[in-house]
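Bear in mind that the values in this text are calculations on the coordinates, not laboratory data. What you see is a predicted model; the values in this text were computed from it and never measured. All Cβ positions, glycine included, derive from the backbone under ideal geometry; neighbour counts span all protein chains shown.
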Amino acid sequence: MTSTEWMDRALCAQTDPEIFFADKGSNYDEALKVCADCPVLQQCAAYAQTLERGLCHSYRHGAWGGTSPRQRARTDDTTFKQTRDARIVRLASAGWKPRQIAAELNCTDRTVWRALADHRRTLGEAA
């Protein structure tokens, strides 16, 4: 199966597409009910995350994989932050200064300090 052949089996392909691309201020309830029974829900969700990686919810549109744009943005943000924070901890452990880490990861010094404080707090709770 090619990377998008699963789309032919999607229930949305057999439904009014308008419900999956609601106007601003509308909700996706009807679309998400269709998604709940879809046999390719997981492939659809993964496809949407790949297409939209790094975008905030206002740049995402449509119901994909049983999620609204805002839900997908929240999931993607969590993954991005976890990855970035893990890199911050690794670089700090290697002796990098917070300012160097911030420049390397294109974030603020405050983000670096917050990630390191969260890491120390996690280590303290584990003890």
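Here segment 1-103 is assigned +1 on the Cβ of each Lys and Arg and -1 on the Cβ of each Asp and Glu. Its dipole about the Cα centre then comes out at about 980 debye. For L105 and S58, a Förster radius of 25 Å and the Cβ-Cβ distance give a FRET efficiency of 0.60, rounded to the nearest 0.05. Near P98: Cβ cut-off under 11 Å, other residues only, Lys/Arg at +1 and Asp/Glu at -1. The net charge is +2.
Diffusion coefficient of the chain by Stokes-Einstein, Kirkwood radius over Cα pairs, 20 °C, 1.002 mPa s: 126 µm²/s.
At an R0 of 25 angstrom, the distance between the Cβ atoms of R120 and R74 translates into a FRET efficiency of 0.45. Residues whose amide H comes within less than 5 Å of that of A22, counting only those at least five positions distant or on another chain, are G62, A63 (H built at 1.01 Å from N in the peptide plane).
Cross-link partners of K24 among lysines, defined as those whose alpha carbon lies under 23 angstrom from its own and excluding same-chain residues fewer than eight positions apart: K33. With the simple model of a label 7 Å out from the Cα in the direction of the Cβ, Q42 to Q82 spans 1.7 nm. Karplus-derived 3J(HN,Hα) values for segment 21-34, using 6.51 cos²θ - 1.76 cosθ + 1.60 with θ = phi - 60°, are 10, 5, 5, 3, x, 8, 10, 10, 3, 5, 5, 5, 5, 5 Hz; glycine and proline are entered as x.
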